[in-house]
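Peer 1: Got a structure here, written out as structure tokens. Questions coming.
Please treat every number below as a calculation from the coordinates, not as lab data. As the structure is a prediction and not an experimental result, all values here were calculated from the model. Positions of Cβ are generated from backbone atoms using ideal geometry, with glycine treated the same way; all protein chains shown enter the neighbour counts.
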Amino acid sequence: MSSLSRKCVPFTPLERDLAKARVVLVTAAGVHRRDQEPFNIADDLGDLTFRVVNGDAVNADLMVTHHHYDHSDADRDINCVFPLELLRELQAEGFIGEVAREHVGYMGYTMQLKKMYDEIAPQMAEYVDKKCKADVVVLTGG
Amino acid sequence: MRGIPTALITVGPEASRQMRPPRAMYPKGFKVGNSLGKPGQRELQKKVLRDALLILTEPARPGQVVEREYPEYES
């Protein structure tokens, strides 16, 4: 990643039909399962860890920990930032091929930009590629 | 590693533009915390998600943030 010129746009063509694609949601909105360790919002530099959310998680299983946006709406309805439930409906309708077994949530605020860019983002991308086996990613912030 | 076709839904289009996203959509007027819509706006949320996925099938506009309007967000 760090070898890309800052002027490059990292673009990968989609070479299969959406109706046959496995979709992974990745969110910077601080989404995680309630039974996982919350993101550490006491860390002034920003918690750089990520959480894996199973593809059959229901909305009641999920929550937001994030201290840099007003997530009161997401607290009421997590579809506002992490529409996993709706993605499953799109699969049932045949609009997409498959909802991946695993999705990724992280807490997007960081002061450690270089570490995020050089280490953490590539780690997440590797996970999304090798473990989630994404054909396609939809990325949301808050 | 190989690249993965990715579409971003952003409610901060100016900041997102600076990061040169491969594909990005800004639902116009949606506030931070409402990337897909307001709580309970299920049909709108699904429409926004569907539109973000459809951008992956549209002619490529790397680095651009496509603005879409959803009047039902405010209704």
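Peer 1: Counting residues that are loosely packed, with under 14 Cβ neighbours inside 10 Å and acidic (Asp, Glu), which strands (runs of 3 or more DSSP E) fully inside the stretch B:3-75 reach at least 1? Explain how you work it out, then say what you get.
Peer 2: Values: elements: B:6-9, B:24-27, B:65-68.
So the answer is B:65-68.
Peer 1: If the requirement is being more than 7 Å from chain A (Cβ to nearest Cβ) and touching a Pro at 6+ places or on another chain (Cβ under 6 Å), which of these qualifies: B:Val48, B:Val66?
Peer 2: B:Val48
Peer 1: Further question: Counting only residues that are more than 10 Å from every other protein chain (Cβ to nearest Cβ) and of a type in the set (Gly, Ala, Ser), give me the strands (runs of 3 or more DSSP E) lying completely in the stretch A:62-142 with at least 1 of them. Walk me through how you get there before you give the answer.
Peer 2: Details: elements: A:62-64, A:102-106, A:136-140.
It comes to A:102-106.
Peer 1: With respect to A:Lys130, is the statement that it is among the basic types (Lys, Arg) and closer than 15 Å to B:Ile4 by Cβ true? Can you show your working first?
Peer 2: Numbers: among the basic types (Lys, Arg): yes; closer than 15 Å to B:Ile4 by Cβ: yes.
Considered against the rule, which asks whether it is among the basic types (Lys, Arg) and closer than 15 Å to B:Ile4 by Cβ, A:Lys130 comes out as yes.
Peer 1: Can you confirm whether A:Arg6 is within 12 Å of chain B (Cβ to nearest Cβ), in contact with a strand residue (DSSP E or B) (Cβ under 7 Å, 6 or more places away or on another chain) and either closer than 26 Å to B:Pro5 by Cα or of a type in the set (Val, Ile, Thr) (or both)?
Peer 2: Judged against the criteria, A:Arg6 is not a match.
Peer 1: Let me ask something else. Can you tell me which of (1) farther than 17 Å from A:Asp135 by Cα; (2) among the small types (Gly, Ala, Ser); (3) under 12 Å from the mean Cα position of the chain (by Cα) is the one B:Ala15 doesn't meet?
Peer 2: It is condition (3) that B:Ala15 fails.
Peer 1: Among the numbered conditions (1) of a type in the set (D, E, K, R); (2) touching a residue at least 24 places away in the same chain (Cβ under 8 Å); (3) in contact with a strand residue (DSSP E or B) (Cβ under 9 Å, 6 or more places away or on another chain); (4) more than 9 Å from every other protein chain (Cβ to nearest Cβ), tell me where B:Glu14 comes up short.
Peer 2: With respect to (1) of a type in the set (D, E, K, R); (2) touching a residue at least 24 places away in the same chain (Cβ under 8 Å); (3) in contact with a strand residue (DSSP E or B) (Cβ under 9 Å, 6 or more places away or on another chain); (4) more than 9 Å from every other protein chain (Cβ to nearest Cβ), B:Glu14 is out only on (2).
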